[in-house]
Amino acid sequence: MKRLLITIAILLSLEVAYASHIIGGEMRYEYVGPGATPNSKIYRIVLILFKGDATGPTVAPLAPSYIIAIYNNDNNQKFPGTAGSTGDNWLITQNDPPGIGTVPITLPSCIQDAPVLNYTYATYTMTVELPDTQNGYTVAYQTCCRLSGLMNVANSTGSTYNCRIPGTDQIGSGTDNCPAFKLPINVICKNAPFTLDFGAIDADPGDSLVYSLCDAFNGGASVDASFDNAAAPPYGPANYTFPYSGSNPFGTSVTINPQTGLISGTAPDFGKYVVCVCIQVYRNGVPIATHRKDLIVQVSDCTLTVSNPMPDFVTCDGFNVQFFHNSTGANSIFWDLGDLATLADTSHLDNPTYTYADTGTYIIKLVINRGTGCADSTYRAIGVFPGFFPDFTNTGICLTNPVQFNDATTTNYGVVNGWNWNFGDLTTLADTSHIKNPAWTYPAIGPKDITLIATSSKGCRDTVTKTVTIIDKPPITLAFKDTLICVPDAVQLQASGTGTFSWTPLTSILNANTAAPTVNPTTTTLYHVQLNEQGCINTDSVLVRVVSFVTLNARADTLICLTDSIRLTVVSDGLQYLWSPAATLNDPALKEPMATPTAISTPYHVIARIGGCTADDFVTITTSPYPIADAGPDDIICYNHPAFLHGSHNANTFTWSPTGSLLNANTLDPVAYPPRTMEYILSVLNDPGLGGCPKPASDTVLITVLPKIIPYAGNDTLVIVNQPLQLNAEGGTSYQWRPSTGLNNPLIKNPIGIYGADMDSIRYTVLVFNSIGCYDSAFVKVTVFKTIPYVFVPTAFTPNGDGLNDVIRPIAVGVKRINYFSIYNRWGELLFKTSINGHGWDGRIKGVPQGTNVFVWMVSAVDYLDKPIFLKGTVTLIR
């Protein structure tokens with residue numbers, strides 16, 4: 001035993017800890033013959049493991065042998081083995097020959113970007129003698145960790161490959177051989193039709209096989225491929241990821257043929273998918289065993305040449321049909337649309353539209369890659385039978401009573417032959433029917449969505465949904481609930497609804513058991529109505545008020561302003577009215593119409609009626625024109641000037657407003673002193689007692705106040721003899737300079753002055769006018785130096801804050817501009833610099849007052865003739 005354990009350890013050490021190299025497998029059994037011990041059988045156990053084309057340091061080869069376990073299904077105990085860590089497992093070894101084999105790959109003839117699949121498999125066998133038991137044995141191998149990145153199963157999910165040998169309860173004293181799955185694998189291209197053959201061969205010819213897609217098993221507690229303690233059944237399913245499952249490993253568009261094991265459908269997207277197929281084995285109609293194969297299938301990023309037009313269908317909406325297809329590998333398209341009445345029923349478009357001239361069933365054909373070695377074609381049947389209109393009606397909507405539904409579907413072709421009703425009763429799943437005219441009783445009130453799916457013998461199918469509101473009593477609709485009659489008139493009461501009507505009391509009533517009885521009571525009476533719909537009852541009432549005459553009182557005579565409207569009101573119990581004259585009324589049949597009289601006095605006549613009883617009355621409306629007010633024309637005034645208002649009117653009284661800035665506001669000609677632009681309102685009013693219009697009238701006058709004039713003549717200035725000086729005034733629209741001495745034009749804002757040697761200085765007054773002639777004045781002094789252009793600089797200054805000589809500044813005469821005026825200390829450091837005439841230094845450096853000292857100044861300037869001036873000197877600061 002120790003030597004065997006060492007051998008097992010050496011064999012398993014050839015395999016690394018990862019098991020992702022194993023992509024699938026199956027475990028099966030073969031009957032060899034009777035055992036040496038009575039009531040026993042010898043079986044050959046076969047384990048087939050598949051390896052993918054993955055390579056790398058973590059991808060191990062298939063090992064020479066593996067450890068498996070055998071369990072007695074009667075007690076779920078291990079059947080003792082001849083190898084293993086506890087002596088109760090079994091060693092299954094690789095056949096030699098054949099050893100490692102290559103899985104046959106079935107490649108379609110017309111494929112683009114064909115994948116290269118390199119799958120291998122190894123066959124492992126062992127022989128065991130098993131005593132007969134009631135429920136047979138389970139043989140299992142468990143391993144860890146399928147490939148990473150599977151599309152339908154989570155990572156780190158292992159695998160269990162097992163077979164179940166039937167016992168005497170299943171096969172009696174007979175024998176059995178497990179079905180053997182075929183080896184070939186088909187190339188599958190993403191999003192394309194495919195087939196995958198999971199068919200099997202059974203050595204027992206009398207057995208029948210039924211195939212299904214089922215859950216793959218996980219690997220239990222296994223951690224790698226050398227796991228040596230496979231668990232007992234049952235085994236848990238692999239961890240499938242939504243929306244996939246064992247029965248839908250590729251998605252819902254894939255199915256398996258239960259008789260052949262052929263998987264077919266449309267492939268999902270590119271990736272690897274776990275597929276497990278179970279075979280239920282029947283003998284004489286009784287299931288005896290279940291066998292399975294678990295395999296990771298590659299869906300490749302390739303393209304098949306497959307013609308795939310839309311499925312067979314019937315159009316019932318019209319003769320115009322839209323065709324489409326989901327073919328793959330198509331380089332060209334050809335449609336034959338099956339219209340035998342024409343040769344123009346072909347198209348090379350992907351999704352053509354065609355209009356058929358007649359109804360019928362047409363066989364269409366789609367050919368892709370026509371005329372090439374990779375052509376493919378498919379036929380479809382298209383029915384054209386327009387004119388199918390699903391509909392239904394219902395009677396009864398009362399709670400606890402059946403609601404009768406009646407099919408009202410119409411079809412132009414064939415007959416309506418199918419009905420699928422859903423009554424919208426959310427309290428049950430049984431609210432459906434397939435008969436033509438069903439009934440349903442609802443347990444609760446409220447809106448119910450009723451759906452009918454109707455079909456025809458031509459294949460038409462359409463849906464209609466309507467909402468029916470279930471109530472606990474039948475609805476009664478009354479034309480009126482309160483009315484008035486005059487003795488001896490009669491009135492017809494009016495009700496509507498489904499069911500039987502009855503009215504009470506039976507006094508002064510005809511046809512009391514109808515929806516519209518006639519009543520003629522002599523006193524006010526409340527009539528009650530009852531509606532009975534198959535035992536479902538509702539009630540309501542109508543009040544018939546009775547009078548012996550009509551009450552009518554029109555409003556008092558009234559004075560209004562001409563062009564105004566007035567409502568003609570009455571106090572009356574009449575039901576109908578007629579006013580005259582009608583020409584100035586908005587509606588003469590209204591109880592209280594609007595009147596717009598145009599005459600000075602208009603008498604209006606009104607007749608009120610209740611059935612055969614009438615009454616009449618009059619009201620006179622007198623009109624007076626609106627008063628007229630005239631506040632005078634708008635005006636514009638200068639700032640701080642008065643405005644003289646002049647008003648007029650034809651009324652009895654008048655007022656001005658606002659009065660705060662008015663003098664003599666109680667006259668028609670007040671004087672206004674507005675502080676700003678203002679409106680003044682003249683309001684007038686007549687005395688209604690004197691027959692005048694009782695409404696005021698008004699007019700407005702706008703007094704615009706121009707802004708205050710702010711005159712400016714410029715700063716006092718210095719010039720030299722014959723130096724042109726341009727003056728510049730601001731603040732108005734026109735100007736006048738006085739005196740005009742030396743000026744080229746005294747009536748402009750910016751005249752030029754030239755002064756001779758006979759003049760020392762001159763003071764000008766400038767009058768500044770606004771747009772309406774208002775003015776104000778300003779002054780400017782011109783001093784005339786009899787010298788050459790020069791920049792004067794004092795020799796000393798005393799910055800002591802007394803307001804005298806506190807600043808050293810340049811005084812430029814006859815100078816156009818100063819380039820710079822700068823001051824330096826004795827070490828040549830710049831202390832101050834300016835280019836502004838009259839701007840100077842206050843004797844401080846960085847805010848610190850300087851003591852008595854001598855400083856150097858320099859000035860550069862340009863005179864009015866553009867000649868340069870450069871001067872320098874010293875100045876003494878005295879403290």
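The values are calculated or read from the model by the stated rules, or taken from the named source; none is laboratory data. Note that the coordinates shown come from a computational prediction; the quantities given were computed from them, not determined experimentally. Virtual Cβ from ideal backbone geometry, glycine too; neighbours counted across all protein chains shown. These accessible areas exclude ligands, DNA and RNA; they are computed on the full protein's heavy atoms, side chains included. Shrake-Rupley method; radii C 1.70, N 1.55, O 1.52, S 1.80 Å.
I need the shape label for the chain. Rule: rounded when a/c is under 1.5, else prolate if a/b > b/c, else oblate, with a, b, c from the alpha carbon gyration tensor. Verdict is oblate for the chain. The alpha carbon gyration tensor of region 293-443 gives principal lengths a ≥ b ≥ c with a/c of 1.5 or higher and a/b no greater than b/c, which makes the shape oblate. Using Cβ point charges alone (K and R +1, D and E -1), the dipole size of region 498-591 about the Cα centre works out to roughly 140 debye. For region 817-879, a/c is not less than 1.5, where a ≥ b ≥ c are the root eigenvalues of the C-alpha gyration tensor, and a/b tops b/c. That puts it in the prolate class. What size of dipole, in debye to the nearest 20, comes out for region 458-615 about its Cα centre when the only charges are +1 on Lys and Arg C-beta atoms and -1 on Asp and Glu C-beta atoms? With Lys and Arg at +1 and Asp and Glu at -1, about 400 debye. The stretch between Ser541 and Thr704, if pulled fully straight at 0.36 nm per residue, gains 51.4 nm over its current Cα-Cα span. Heavy atoms of the protein chains alone define the surface here; on that basis region 377-521 has 50 Å² accessible area per residue at 1.4 Å probe size.
As a fraction of the 1.4 Å probe accessible area of the chain, surface on carbon and sulfur atoms comes out at 54 percent.
Solvent exposure of region 769-879, expressed per residue, is 57 Å² of accessible area, with all protein chains present and a 1.4 angstrom probe.
Based on Cα contacts under 8 Å between residues 6+ apart, region 587-703 shows a relative contact order of 25 percent. Annotation for Phe870 and Ile845: the two label points, set 7 Å from Cα along the Cα-Cβ direction, are 2.6 nm apart. Projecting label points 7 angstrom from Cα along Cα→Cβ for Thr372 and Asn745 puts them 9.2 nm apart.
Note: relative contact order over the chain, using C-alpha pairs below 8 Å and six or more positions apart, is 5 percent. The slack between Leu510 and Asn420, meaning 0.36 nm per residue of separation minus the straight C-alpha distance, is 27.6 nm.
Rounded to the nearest 0.05, the FRET efficiency derived from the C-beta distance between Gln134 and His348 at R0 = 41 Å is 0.05.
Here the label points at His605 and Thr441, each 7 Å from Cα along the C-beta direction, are separated by 6.8 nm in the simple model. Listed by chain and number, the lysines placed with their C-alpha closer than 17 angstrom to that of Lys846 are Lys833; residues fewer than eight positions away on the same chain are left out. Using Cβ point charges alone (K and R +1, D and E -1), the dipole size of the chain about the Cα centre works out to roughly 3120 debye. When both region 147-209 and region 338-400 are represented by their alpha-carbon centers, they are found 41 Å apart. Counting only residues at least eight positions apart within a chain, or on another chain, the lysines with an alpha carbon under 19 Å from that of Lys781 are Lys749, Lys816. Of the residues Ile788, Cys638, Pro696, the one whose Cα sits farthest towards the positive end of the charge dipole of the chain is Ile788 (charges of +1 on Lys and Arg Cβ, -1 on Asp and Glu Cβ, taken about the Cα centre). Cross-link reach is defined here as a Cα-Cα straight distance under 24 Å, omitting same-chain residues fewer than 8 places apart; for Lys481 the lysines meeting it are Lys473, Lys591. Among the cysteines of the chain, those with no neighbouring cysteine Cβ under 4.7 Å are Cys163, Cys178, Cys276.
Normalised by the number of residues in region 342-394, the average gap of Cα pairs under 8 Å and 6 or more apart makes the relative contact order 31 percent.
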